[in-house]
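Nothing in this text is a laboratory measurement; each read-out follows from the coordinates by a stated rule. Here the structure is a predicted model, which means the values were calculated and not measured. Quick reminder, even Gly has a Cβ in these numbers, built from the backbone with ideal geometry, and neighbours come from all protein chains shown.
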Amino acid sequence: MKRLLYFVLLLAGFSAIHSCKDLLDEDGNPLVDLNTNSGLTGPRALYREITDADTIAEYHYNGLLLSRVIRNHASITDVTFSGDKVSTINFRGFLDMDGDGILDKDSTSFSQLFTYGNTGRLESISENRSVYKRGTPVPPAILGPFALFKKTKSLFNLEYDASTAKFKMITMRTGTDVSGTQFAYTAYSKTNYDYIGDNVSNAEKHSGLIGAGGVFGTPTEKLGYVYSSYDTQISPYTLLPFAYKVSVLISTSKNDLKSLILSPNSPKRMSVSDLMLPIPAPVLFSTDYRYDPQTYVTKGFGTNFIYKPL
């Protein structure tokens with residue numbers, strides 16, 4: 001729990017805000033200047049998320065469609081569409097798998113395949129992942145070469161509320177893929193979402209082991225995330241595809257605290273609780289947002305959001 005809370009502290013942005021100086025995108029087009037109040041008129045895209053310490057994400061587009069996301073330490077996510085739907089996402093780089101706020105030294109790559117139902121809704125995501133660890137360096141080299149440490153396979157099934165059609169649950173099954181042995185899922189997680197209006201008000205995740213016959217065992221971890229005091233303005237994450245946002249949430253087991261990205265508005269308060277405790281003690285965080293004249297968020301929880309015209 002200590003490491004989880006440290007990650008939340010980083011997300012909540014208890015730091016000074018970065019001063020935006022680079023106001024051109026990769027094509028030389030003007031971006032929203034956070035030091036003026038002019039804003040953007042017309043269609044826009046989310047271009048960067050930045051803090052005082054680093055660029056969290058830089059979004060690239062092929063026409064109107066998201067095509068690549070570059071994150072800290074040059075981690076790259078490539079997004080492929082089939083028509084207007086995300087079909088595959090490929091990642092290579094570094095992740096914070098334990099939620100301590102520090103990117104792991106292990107290198108990770110994964111490929112996700114997205115499957116849609118007859119209604120056009122995203123129904124499942126299958127993932128193949130490889131983790132690489134550095135070996136012992138051979139002088140005069142300072143760093144050792146990366147070598148394959150393990151491979152995993154995961155399946156994520158999405159469910160929607162029958163009456164509201166809102167995304168209500170994602171169930172994960174995962175297991176280690178060992179060459180020469182029969183693959184089996186060995187662990188699971190289930191995350192449920194509740195809403196106030198169209199905004200996520202609560203995300204609760206239960207995780208545990210899968211027993212014989214594929215039966216889910218008693219949860220060994222329960223975490224709860226609550227979001228409240230939503231504004232009525234426009235969240236920057238409304239500009240990103242739903243499938244990509246789900247990919248972000250499932251990229252690590254600790255990313256559920258980012259479930260606010262599923263909402264069209266932005267919460268001014270959020271809390272995190274370890275629900276395995278006899279009496280859960282929520283840890284609370286709050287922020288005040290800034291907006292441009294078109295009511296898009298430009299700053300919140302220690303992050304500046306920069307946009308580009310489409």
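Highest mean first, the peptides 178-190, 246-258, 52-64 sorted by other C-beta atoms within 10 Å per residue fall in the order 246-258, 52-64, 178-190.
For segment 214-281, the gyration tensor built on C-alpha atoms gives an oblate shape. Its axis ratio a/c (a ≥ b ≥ c) is at least 1.5, and a/b is not larger than b/c. In percent, rounded to a whole number, the relative contact order of the chain is 19, using alpha-carbon pairs under 8 Å and six or more apart. Within the same chain, lysines fewer than 8 places from Lys205 are excluded, and of the rest, those with a Cα less than 21 Å from its Cα are Lys2, Lys153, Lys166, Lys168, Lys190, Lys222, Lys245, Lys254, Lys258. Given a 10 angstrom Cα cut-off, can you work out which residue in Ile76, Ile142, Ile196 is the most mobile in a GNM of the chain? Taking springs between Cα atoms under 10 Å, the residue moving most is Ile142.
Scaled to the globular estimate 2.2 N^0.38 Å, the Cα spread of the chain, given as radius of gyration, is 1.03. Where is the GNM fluctuation largest for the chain (alpha-carbon springs, 10 angstrom cutoff): Leu148, Leu95, Leu240? For the chain, modelled as a Gaussian network with Cα springs under 10 Å, the answer is Leu148.
Can you bin segment 38-157 into rounded, prolate or oblate? Criterion: square roots of the alpha carbon gyration tensor eigenvalues sorted a ≥ b ≥ c, rounded for a/c under 1.5, prolate for a/b above b/c, oblate for the rest. Oblate, since a/c reaches 1.5 and b/c is not below a/b.
What you get for segment 96-237, charging only the Cβ of Lys and Arg (+1) and of Asp and Glu (-1), is a dipole of about 520 debye around the Cα centre.
Summed over qualifying helices (DSSP H, 4 residues or more, each -39500 (n - 2.57)) and divided by its residue number, the chain shows a 222 nm mean residue ellipticity of -2000 deg cm²/dmol.
Over what distance in Å are the Cα centres of segment 224-282 and segment 141-170 separated? Distance between centres, Cα-based: 17 Å. When the charge dipole of the chain is built from unit charges on Cβ atoms (+1 for Lys and Arg, -1 for Asp and Glu) and taken about the Cα centre, the candidate among Leu284, Leu40, Gly180 whose Cα reaches farthest toward its positive end is Gly180.
Here the dipole of the chain is about 600 debye; that uses its Cα centre as origin and unit charges on the Cβ of Lys and Arg (positive) and Asp and Glu (negative).
Residues considered: Pro145, Pro293, Pro236. Largest GNM mean-square fluctuation over the chain, using C-alpha springs under 10 Å, is found at Pro145.
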